[in-house]
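Note sheet for the following structure.
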């Protein structure tokens, strides 16, 4: 760990990887894994993991990341009869406990869920909420309220929510729902990756002291239709 990341600093990353398919139409998780390694996050949230129609070893690059970090939790929102799936996951360098999947599904829409867990970082436990929200306003409004309820659950821990919130309005449903519990957020434009205009992918936390810095990596546009958000977070309540 670098000198800058001592003293309770945790590096988070969230990235919608678009099923591992880049703008060239090629499925390539190696380039996804390579870019993740470049930023060396302690915790990674990945959305749109999709193994459907792929070979049995299609997730090998992500499994290698899992082995390097040691801890993994996934949310399989769509499962195929052959065991392949579509969903999202978190990878952590440190143990994950009390992991719960919360159903965020809205009638008539694609199934959605949130991963709610505690990550035991050396600088202090983190309450982590990872999600990929829906595209319709009414759907997202309901999901945002549920996330705010989870984030507002008092645990005496640093709480962070991260993922693809699909909330492109200046003051959208997610921001309104979160402002009482996690009012601080990253402001990185991530979509569309080639010419990013929208802040769909975010990391939310409670105080300005929590959010030390945040950035993206333009080279990710060769791997997905979203850019990642990387942030250094200070673990303090």
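Readers should treat all values here as calculations from the given coordinates under stated rules, not as data from a laboratory. In this text the structure is predicted, and so the values were computed from the model without any measurement. Cβ atoms come from the backbone with ideal geometry, glycine included; neighbour counts cover every protein chain shown.
Each of the peptides 122-132, 191-201 was scored by the mean count of other Cβ atoms within 10 Å over its residues; in descending order, highest first, they stand as 122-132, 191-201. Annotation for residue 138 and residue 171: the two label points, set 7 Å from Cα along the Cα-Cβ direction, are 2.4 nm apart. What percentages, rounded to whole numbers, describe P(r) for the stretch 18-152 computed over all alpha carbon pairs with 10 Å bin width beginning at zero? Once binned at 10 Å, the Cα pair distances of the stretch 18-152 give 11, 38, 36, 14, 0.
Normalising the average separation of contacting C-alpha pairs (under 8 angstrom, six or more residues apart) by the number of residues puts the relative contact order of the chain at 22 percent. Note on residue 67/residue 98: beta-carbon distance plugged into 1/(1 + (r/R0)^6) with R0 of 25 Å gives a FRET efficiency of 0.60. Applying D = kT/(6 pi eta Rh) to the chain, where Rh is the Kirkwood radius over alpha-carbon pairs, T corresponds to 25 °C and eta to 0.890 mPa s, the Stokes-Einstein value obtained is 139 µm²/s. Spin-label pair residue 120-residue 56: with each label point 7 Å from Cα along the Cα-Cβ axis, the two points sit 3.4 nm from one another. Per residue, the convex hull spanned by the Cα atoms of the stretch 150-228 amounts to 93 cubic angstrom.
Averaging over all projection directions, the Cα-based convex hull of the stretch 91-179 occupies 6.0 nm² in the image plane.
Report summary: the helix-based calculation at 222 nm, which adds -39500 (n - 2.57) for every DSSP H run with n ≥ 4 and divides by the residues of the chain, gives -5500 deg cm²/dmol. Model label points for residue 195 and residue 155, set 7 angstrom from Cα along the Cα-to-Cβ axis, are 4.1 nm apart.
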